[in-house]
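Colleague: Can you keep this structure in mind? I'll have questions shortly.
The values are calculated or read from the model by the stated rules, or taken from the named source; none is laboratory data. Quick caveat, the model's predicted, so the values are computed rather than measured. Cβ placement follows ideal geometry from the backbone for every residue including glycine, while neighbour counts extend to all protein chains displayed. We work out accessible area using only protein heavy atoms, side chains counted, and drop any ligands, DNA or RNA first. Shrake-Rupley method; radii C 1.70, N 1.55, O 1.52, S 1.80 Å.
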Amino acid sequence: MSEQIELYMRQLRLGGLAKTWQTVEYQNNEQYVTDLLLLELHEREVNRINRMVKKAGFRVLKTLDDFVWNPNIELPVGLTQEDMTETHVSGPQRKPDFHGCGWHWQDPSGHCDCLESLPRGP
């Protein structure tokens, strides 16, 4: 029966409700319907914001914070894992950022220095 209810919800374009309707606790009719509608409103608001961000085309800042270092990764000669992860390489408050054309170091103001332009060791 619950699959049929979820199918009806999806046909009515209540996708957010179809995912979470079983989590709502029933106390009385008014409270139950209100909580169901609030769940759907919240889901729609989240989806609306995600659509606007996607449509705006903001560049996504990608860092190495959650990168898993694999021993099979080959870095260029003279460049170590510490060079890639330590922010002091190109100054304080900077993190590595991949733009698709090569590694860049981006500071909080959005300024990027290409990795090739950074000073190399002796």
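Colleague: Quick one: which of R59, R120, R44, R94 is at pLDDT 80 or above and of a type in the set (K, R)?
Modeller: Answer to the check: R44.
Colleague: Inspect the stretch 68-76 for any residue being open to solvent by 60 Å² or more (accessible area, probe 1.4 Å), free of Cβ contacts under 8 Å to residues at least 60 places away in the same chain, in a helix (DSSP H, G or I) and β-branched (V, I, T) and give the result as yes or no.
Modeller: Applying the first criterion (open to solvent by 60 Å² or more (accessible area, probe 1.4 Å)) to the stretch 68-76 yields 68-76.
Retained after the next criterion (residues that are free of Cβ contacts under 8 Å to residues at least 60 places away in the same chain): 68-76.
Narrowing the set further to residues that are in a helix (DSSP H, G or I) leaves none.
Checked against the condition, which is being open to solvent by 60 Å² or more (accessible area, probe 1.4 Å), free of Cβ contacts under 8 Å to residues at least 60 places away in the same chain, in a helix (DSSP H, G or I) and β-branched (V, I, T), the stretch 68-76 yields no hits at all.
Colleague: Which residues, taken from the stretch 25-55, are acidic (D, E), open to solvent by 90 Å² or more (accessible area, probe 1.4 Å) and not in a loop (DSSP other than H, G, I, E, B)?
Modeller: Across the stretch 25-55, the qualifying residue is only E30.
Colleague: In the stretch 11-24, what residues are under 28 Å from the mean Cα position of the chain (by Cα) and either of a type in the set (V, I, T) or loosely packed, with under 13 Cβ neighbours inside 10 Å (or both)?
Modeller: Taking the stretch 11-24 first, the residues under 28 Å from the mean Cα position of the chain (by Cα) are 13-24.
R13, T20, Q22, T23, V24, listed by residue number.
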